[in-house]
Every structure is written in C-alpha cells, then in structure tokens.
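Notes follow once the structure below has been shown.
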Amino acid sequence: MTIVLVVEDDPGIRDAVAYSLGRDGYEVLTAEDGMAGLDLARERKPDAVVLDVMLPRMSGLDVCRILRAETPVPILLLTARDSEADRVQGLELGADDYLTKPFSMRELRARVASLIRRDALSRAAGPRTAPVVEHAPLRVGALEVDETTHEARLNGAIMPLRPREFALLVYFMRHPGQALSRGQILEEVWGITFMGETRTVDVHVRWLREKIEEDPANPTMIQTVRSIGYRFVA
C-alpha cells in the first residue's frame, strides 16, 4: 500500500488531511513535530510527505532539507506564510510543490496523487545512463555560462548563482528571443507542473536580473512579456 506521511502540528488540519488521504486508499502516517516526522520518514520510508513549514522542535524547512539529502521522496509543503521568499526557499531546498493555507482538501488530494504518480513514472523509467555531454559555453556579450563546470561569469567574474538561478539562466540563453510562459518555465526548469501559483518564477527572475542586468529596474536582457512571461534578448 502507498504510504503518505503527514507532518502537521495543528491537530484539526492533521486529522482532516489524514482522513481525506485515507479515503483515497493511502496508508497515512502522522507526526506532530519536525523531529518526530523526520524519524518516522526514516523508519517507514513513505511514498510522499505532506509537510507543514511551521513545526515545533524542528522546522519543516529543516526537515525538507534533511530528507532531500537522504531520499528522493516527493514533498508537498504546507505554509500559512504570505512571503514569497518562504515558499521559494522551500522549493530551493528540494520540495516538489506547496500549498498555502487555507487550502481545499480536494486540491491537496489532487496534488499528492500527482506527486506520487510522477514519482512512480520516474522510477519505472529507471536510472539515466546516458553519457555526460560537454556543452560549449553559452555567450551573450560579457555574459558567459559554462554548463560543464557549472559556472556563470559576467565581465570575467564568477557570479554566485543558486542552482535554480543557474538552470533558469541556461534555459533563457538556450531560447533567445522566444516568449516563454511562466508555466512553461516551471515545467522545463523545475521539472514539475504547478497546478496553481507560478510566482516563484517571478522571484527567481528578479534575483537573476539583480545579478546580470546593469539596471535591474529597467532590464534589457530578461524582458517581461505582458500576460505571458519572459523573453531573453541576446
């Protein structure tokens, strides 16, 4: 039976989530704090984890970081925070998706099912055995990106990019002049399809602009395409 671990300190939310997922046929494990959740995940090795961000004893973000270092288990974050940075941090730490409270049980069930289904398809495909391909560095003016060494340079100086920022920059540079939607960027760069908010793309674009644009407030390289997304102008 597919096992889902729910780590939530609010007993009302925890019981409601456990009940709903149980009705879908999952074996549901529950924990009320981060330490207990981490121990239970290590012991029972669930097929998916529903993880609250604000937890006693150990935060959900710390649990996410540790779990991601130990296992590829799909992780869905639950957060009551309004800050985009908090949600983006969870994704950077390896979470696969997130829901902002309050949420509907129908949406949570759909997202959990989607995560489990994608993970099962990935496992069925088996490990990737293709040889590593060395790419020629990408260059646009004073900007150079080397995928082989995973380095990005501006005017010869290495830029300290987060992993997702680097992947986003590579994607932009490989699709110059194209109008790229936020959903398309999420699917290609993050590797997953979000069923709701796509603001995480905007946050990463803002961070990237601050590092590669002469005037981030008036960008010339990563341009906004109204009502669609972004375009990289070489």
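The values are calculated or read from the model by the stated rules, or taken from the named source; none is laboratory data. The model shown is predicted, which means the values in this text are computed figures rather than measured ones. Cβ coordinates were reconstructed from backbone atoms using ideal geometry, including for glycine residues, and neighbour counts include every protein chain displayed.
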Is it the case that residue 158 is farther than 20 Å from residue 87 by Cα and either among the acidic types (Asp, Glu) or in contact with a Lys or Arg (Cβ under 9 Å, 6 or more places away or on another chain) (or both)? no
With the first residue restricted to the stretch 105-128 and required to be acidic (Asp, Glu) and modelled with pLDDT of 75 or more, and the second required to be outside any helix (DSSP H, G or I) and crowded, with 16+ Cβ neighbours inside 10 Å, Cβ contacts under 6 Å at 6 or more apart or on different chains are 119/74
Hits in the stretch 157-202 - residues which are loosely packed, with under 13 Cβ neighbours inside 10 Å, part of a loop (DSSP other than H, G, I, E, B) and modelled with pLDDT of 90 or more: 177
Any residue at all in the stretch 205-227 that's at pLDDT below 90 and assigned to a helix (DSSP H, G or I)? yes
For residue 52, state whether it is of a type in the set (Asp, Glu), closer than 16 Å to residue 111 by Cα and in the same structural domain as residue 110 (by TED's automatic domain parsing). yes
Residue by residue through the stretch 205-234, note down the ones that are in contact (Cβ under 8 Å) with a residue 60 or more places away in the chain and within 14 Å of residue 159 (Cβ to Cβ). 212, 221
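Results for (1) surrounded by fewer than 23 Cβ atoms within 10 Å (Cβ to Cβ); (2) in contact with a helix residue (DSSP H, G or I) (Cβ under 6 Å, 6 or more places away or on another chain); (3) closer than 23 Å to residue 120 by Cα; (4) in contact (Cβ under 8 Å) with a residue 12 or more places away in the chain, shown as yes or no for each residue.
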site	(1), (2), (3), (4)
12	yes, no, no, no
22	yes, no, yes, no
40	yes, no, yes, yes
70	yes, no, yes, yes
73	yes, no, yes, yes
80	yes, no, no, yes
87	yes, no, no, yes
97	yes, yes, yes, yes
Among strands (runs of 3 or more DSSP E) completely within the stretch 31-121, the ones holding 3 or more residues that are in contact with a Ser or Thr (Cβ under 8 Å, 6 or more places away or on another chain) are 97-100
Residues in the stretch 12-30 that are farther than 19 Å from residue 103 by Cα and touching a Ser or Thr at 6+ places or on another chain (Cβ under 6 Å) total 1
